[in-house]
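The values are calculated or read from the model by the stated rules, or taken from the named source; none is laboratory data. The structure presented is a predicted model; accordingly, all values stated were derived computationally and were not measured. A quick note on method: Cβ atoms are made from the backbone with ideal geometry, for glycine too, and the neighbour counts reach across all protein chains shown. Areas reflect the complete protein model, heavy atoms only, side chains present, ligands, DNA and RNA absent. Shrake-Rupley method; radii C 1.70, N 1.55, O 1.52, S 1.80 Å.
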Amino acid sequence: MTDTLFPLPDATGPEMTSGSSEPRVQRPNRTQLEWRPVDLEALLPADHRARVVWAFVEGLDLGPLYAAIKAVEGHAGRAPIDPAILMALWLYATVEGVGSARALARLCEEHDAYRWICGGVAVNYHTLADFRVGHGEVLDSLLTASVAALLTEGLVALTRVAQDGVKVRASAGGGSFRRQERLTEYLAMAETHVNALRAQLAADPGALSRRQAAAQERAAEERRRRVAEALAQLPALQERRRKAGVKGPTRMSTTDPEARVMKMADGGFRPAFNAQFVTATRGQVIVGVEVTDRGTDQGQLTPLVEQLRRRYGRAPAEILADGGYVDLDDIRAVAGPELGCTVYAPPPGAGDPTRAQRSLWRVDDALIAEWRTRMGTAPAKTIYLERAATSECVNALARQRGLRQFVVRGVQKARTVLVWFALAHNLMRAAGLRRAVAMGT
């Protein structure tokens, strides 16, 4: 029995006929210089996703982004990165599930698809991070314009839409929530730190470089601002909790003052935002988005229907939503004469014989009676089935693309990131719908 797992070759065999005991292999030589022609255009196939994204960006009106550029021909100044490149990079990164500016910057150096989009233009993570959240209004208008184009082509219809919410973790930990007393102490400490830092820099300007000094002062001031904002928002949250009958002390986050502790899909409670998607059932294109700090979906139908009317000049004819959206005042507002939108949402307790004794669900006007009667019919139940096929599909794709935790802070920045997800989703849907039309299916 040999001591080795694999027997050694026989010294008298054909392997040793050369007279050498070392095996002959090809070893790496990483110092060898090579002349290799590189054509970025030839790196990607014709049907690559990056080309689809670039074609979509070329069709967008980026005039507001170009108008903000100060560098012009014939004058001094460094030329900035083309906004179309930054737009395409973030759209393609969102499609591929990349949500970090640092990770995207590395991919622009290492991955052929991102290098193709850059086309030899160098980008850094700071520029990418600023661009992602710095143009919320422009992105919102681009979402409206791109959906309007699909409506004009007849690929999407605003007749019937489905609304659903998804809880997304905030960029804050549970340990960052503090009561009012501690927030007051933290604010005093933050202000003391800022004043001490400024006094130190004034006494010895040469102790730190200008960049280091600016960074330290900016970080200290940012922390002071967040604590002050948390204290400013505390009374409103206390009043909301009082009206809802919630007991216990009110806490605010010193990391993200706009984040709220919400019940997540797994039953746990974490700091999060409530992201709302409104999707057209025909075409599964996202037509409206919103981010709120409310832990429930009640009361969210009217704001989104009004948003669609502002965007496209008319409200949808029908809206589908799950039972979490059922709020009588909300249904009255949506189904009323001003919006005129038919609501398809399951009435709670439809099989409960005691529901008539509960004042909350007592039929007290024609709109509520019509809604309850309609949802008991077979055609309404058939229409309602489209909700899961639409909203749940969109939510699943968003989760797959990384919509699990925001890496930005605040409702407005979180909403801007959500618009990126909507644009990325819609460009892929638009490509698929146009391909289907071209194939005649």
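Quick notes on this one:
- 0 to 90° range, to nearest 10: angle between helix 49-58 axis and the chain longest Cα axis: 60 degrees
- Positive-end residue of Ala275, Pro249, Ala389, charge dipole of the chain with Cβ unit charges: Pro249
- Among the trypsin sites (Lys or Arg not before Pro) in region 59-106, those located in a DSSP loop and surrounded by at most 12 other Cβ atoms within 10 Å of their own Cβ are Lys70, Arg78.
- Relative to the dominant Cα principal axis of the chain, helix 301-312 is inclined by about 70°.
- Reciprocal of mean inverse Cα separation for the chain (Kirkwood radius, Å): 26.3 Å
- Solvent-accessible surface of protein heavy atoms, probed at 1.4 angstrom with all chains present, puts Asp82, Asp297, Asp256, Asp47 in the order Asp47, Asp82, Asp297, Asp256, largest first.
- Taking all protein chains together and rolling a 1.4 Å probe, Met189 ends up with roughly 120 Å² accessible.
- Rounded to the nearest 10 Å², the accessible area of Ser21 at probe 1.4 Å: 100 Å²
- Per residue, in Å², the accessible surface of region 170-305 once ligands and nucleic acids are set aside, probe 1.4 Å: 52 Å²
- Charged neighbours of Ala162, selected by a Cβ distance under 12 Å, balance to -2 (K, R count +1; D, E count -1).
- Looking at the chain, the DSSP beta bridges with both ends there are about 75 percent antiparallel.
- Between 0 and 90°, nearest 10: helix 101-110 axis offset from the chain longest Cα axis: 40 degrees
- Basic side chains Lys and Arg get +1 at the Cβ, acidic Asp and Glu get -1 at the Cβ, and with that the dipole of region 88-226 about its Cα centre reaches some 520 debye.
- Exposure ranking of Lys413, Lys247 by accessible area [1.4 Å probe, largest first]: Lys247, Lys413
- Of Leu143, Gln233, Leu65, farthest towards positive along the dipole that unit charges on Lys, Arg, Asp, Glu beta carbons give the chain: Gln233
- Once the convex hull of all Cα atoms in region 61-112 is built, its volume per residue stands at 115 Å³.
- Sequence-separation-based contact order of the chain, relative, with Cα cut under 8 Å and 6+ spacing, percent: 20 percent
- Environment charge at Leu320 (Cβ cut-off 15 Å; Lys +1, Arg +1, Asp -1, Glu -1): -2
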